[in-house]
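S.K.: Pasting a structure here, questions to come.
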Amino acid sequence: MDTAQPPENQTAIVITASRLPEKAGDSAASVNVVDAALLERLGEPSIAAYLRLLPSTSVATSGPAGSFTQVRIRGAEANHTLLFIDGIRANDPAAGNEPRFELLNADIASRIELVRGPQSALWGSEAIGGVISVDGADAVSNGASATLEAGSFGFRRAAASASYGSEQLGAAIAYGHGQADGIDSFNGHGDRDGYRNDALRGVVRWSTAAKLKLTASGFWLGGLSDYDGTDPVTFLRADTLDRTKNRLSAGRIGVAYGEAGDAWQASLSGSLLGSSNRNLMGNAEINRTSGRRATLDAQVSRRFTTGTIDHLLIVAASAENEHFTASDVGFGGFTNQSRGRRHQAITAEWRATIAERLVADVAVRRDIFNRFKDATTVRASVLAHLTADVSIAGSYGEGIAQPTFFDLFGFFPGSFVGNPLLKPETSRGFEVSARYRHGAFAGSLTAYRQRLRDEIVGTFDFGTFLSSAANAQGKSRRQGIEAEASWNPSPAVRIAANYAYLDASEPVVGSGQARELRRPKHSGSVTVDGVRGRLSYGASVAYVGRRDDIDFDLFQRVSLSPYWLAGARLGYSVRPGVEVFARVANAFGEHYQDVVGYRTEGRSGYAGVRLALGR
């Protein structure tokens, strides 16, 4: 699952490292793919668990499973990760433009792709740290499956999927449900903080003899999570009855002309996303936010050859309309607001392959905003195959992140005042990598450096006692090294390992640079999986190094201890299509926290059965 993949995987397709899919072996970008086999063999219920295993990807969960989850790539902020689900932009406009990883059930996914580094020249806002794409099974085969699992902390899980595919017509659907009674995240002596989430995705396609393909796809994510908040009198963390109920859904329809490799390809699509986030005390609603995003995308590409150079030209345009509402019961209506904004963009990309040994790529994008300053971003990369086994790659990329609705318009009129003059955050960075592959072994070493400008930070006026947001002076710095290796000698064993070093800091007025919060300086993982006869297995261990956080009860910086998080799954096929399995999580029984003051589960065990037909 690492960038330097064994030879048979060099032809695997990556979908977000360019505006059109390309072979992994021809991509200069740092890409990781978690395939369907690893998803099944590790058996983790959440997408976030797999992201922990990828290089330079920091996952912070505010308590037990199902709690609010943030992902930071290469030291970037949590809202600097762009998420696609089945090709639909899925960041939540009503939750600070962050992806809702706590709602993302792994049972609807058959593939996870991560592209590290700034990608805004291809995909626009939020693509500063990187891009994550979560995709379900394609509608190209016939089959069905179902899974039931139960275990520690009152955990229950149910999942089902089915697909049908012919040359002209295809359809696929998947559903995942998970819930647990949980643990007390405050001090271990109060009420349990459990969760429930449900996920549904589906796609239908129809292809014609004239190379036209019509598609309709969509997803629905919903969740309810208990958590411990703050005492309304002391404002200190306490064992409370806080709950959050969330929903995120989207649909897309599209038409495409042409097939992979054709001289001309074109596509047109429209999508609509909606979200709702309700905060409750027990069963009583305190406040809610909701968002809506309507998007229209068009793209055309042309392939041609001049001498020994194969060219690909791509031009894409998009128009986006977002709307945000906030309302409350607990605050007397002071947070009520209804806001909207519009945004258009045009992107051009040129890719050239020279004598099958050199691949160059340049992309330029212009984003036009109605609420703040427009932005132009650039990405340029080159990959050279020096020998059959050795390649080197380098790239320069820029990223942007538009201010959130809260940043622009505020939340509490008597406390937090928005700043409509904010500029988008901007990032510039480069990376270089050396890659080696021979036989069943592959490895890579990557170094990167990024600088974030105009970072949006909170401010406080001691004269008026009002908080707001502003673009910070100075630069936030991120640089690091990533080492990856994999060995895949047979279906019985596949091993992948990675290590990442990160130096991430932000400017502090009058005191230089301070280490960024919740980013470990050292991290890494090892995964092992395979199948032999009737047995299938998967095991992983992730290391998260020491990192800083803020204890808001004491208003001081604290250091969180490093930890090792291990898990494993063993399955046995009792007959074709019927598998029983057992799984363990946090196998070392680590007492760890991703966010200061929020406890997580200890060692746990699970067992279940999986039925499969036609796959």
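The values are calculated or read from the model by the stated rules, or taken from the named source; none is laboratory data. Remember, it's a predicted structure, so these values are computed and weren't measured experimentally. Here the Cβ positions follow ideal geometry from the backbone for every residue, glycine too, while neighbour counts run over all protein chains shown. All accessible areas refer to the heavy atoms of the entire protein, side chains included, with ligands and DNA or RNA removed. Shrake-Rupley method; radii C 1.70, N 1.55, O 1.52, S 1.80 Å.
S.K.: For segment 431-500 and segment 97-112, what is the separation of their C-alpha centers, rounded to whole Å?
M.R.: Going from one Cα centre to the other spans 20 Å.
S.K.: Another one. Could you please put Leu241, Leu200 in sequence from largest to smallest accessible area, using a 1.4 Å probe?
M.R.: Largest accessible area first, the list is Leu241, Leu200.
S.K.: If amide H atoms are built 1.01 Å from N in the plane of the peptide, which residues on other chains or at least 5 residues away come under 5 Å of the amide H of Asp184?
M.R.: Those lying under 5 Å, H to H, from Asp184 are Asp193.
S.K.: With only alpha-carbon pairs counted, each pair once and no self-pairs, how large is the Kirkwood hydrodynamic radius of the chain in angstroms?
M.R.: 25.1
S.K.: For Lys213, which aspartates and glutamates qualify as cross-link partners when the Cα separation must be under 20 Å and same-chain residues fewer than eight apart are set aside?
M.R.: Filter leaves Glu22, Asp86, Asp135, Asp138, Glu167, Glu259, Asp262, Asp297.
S.K.: Further question on the same structure: Which chymotrypsin sites (Phe, Trp or Tyr not before Pro) does segment 202-300 hold that lie in a coil by DSSP with at most 16 other beta carbons within 10 Å? Numbers along the way, then the final one.
M.R.: Working: sites: Trp206, Phe219, Trp220, Tyr227, Phe235, Tyr257, Trp264; in loops: Phe235.
Here the chymotrypsin sites (Phe, Trp or Tyr not before Pro) that fit, given the DSSP loop and packing criteria, are Phe235.
S.K.: Using label points projected 7 Å from each Cα along Cα→Cβ, tell me how many nm separate Phe430 and Val580, to one decimal.
M.R.: Once both label points are built, they end up 5.9 nm from each other.
S.K.: So for the pair Asp553, Trp487, with labels modelled 7 Å out along Cα→Cβ, what separation do we get in nm?
M.R.: Each label point lies 7 Å from its Cα, and together they span 4.6 nm.
S.K.: I've got another one for you. Averaged per residue, what accessible area in Å² does the chain show with a 1.4 Å probe, protein chains only?
M.R.: I get 41 Å² per residue for this part.
S.K.: If the cut-off is 17 Å between C-alpha atoms, which lysines fall inside it for Lys475, apart from same-chain ones fewer than 8 positions away?
M.R.: Lys423
S.K.: With no solvent and one point on each alpha carbon, what is the Debye value of log10 I(q)/I(0) for segment 337-413 at q = 0.15, 0.26 Å⁻¹?
M.R.: Treating every Cα as an identical point scatterer, log10 I(q)/I(0) equals -0.68, -1.17.
S.K.: Hey, rough spin-label estimate for Ala317 and Ala284, points 7 angstrom out along Cα→Cβ, what's it come to in nanometres?
M.R.: Label-label distance for Ala317 and Ala284, simple model: 5.3 nm.
S.K.: Can you give me the long-range amide H partners of Ala587? Hydrogens built in the peptide plane at 1.01 Å from N, cutoff under 5 Å, separation of 5 or more residues or another chain.
M.R.: Those lying under 5 Å, H to H, from Ala587 are Ala566, Gly567.
S.K.: Something else about it: Rounded to the nearest 500, what is the 222 nm mean residue ellipticity of the chain from helices alone, with -39500 (n - 2.57) per DSSP H run of 4+ residues and division by all residues?
M.R.: -500 deg cm²/dmol
S.K.: Considering only protein heavy atoms and a 1.4 Å probe, what is the carbon-and-sulfur percentage of the accessible area of segment 349-480?
M.R.: In segment 349-480, the share of accessible area belonging to carbon and sulfur is 63 percent.
S.K.: Could you order peptides 533-539, 332-338 by the average number of other Cβ atoms within 10 Å of their residues, highest first?
M.R.: With the highest mean Cβ count within 10 Å placed first, the list reads 533-539, 332-338.
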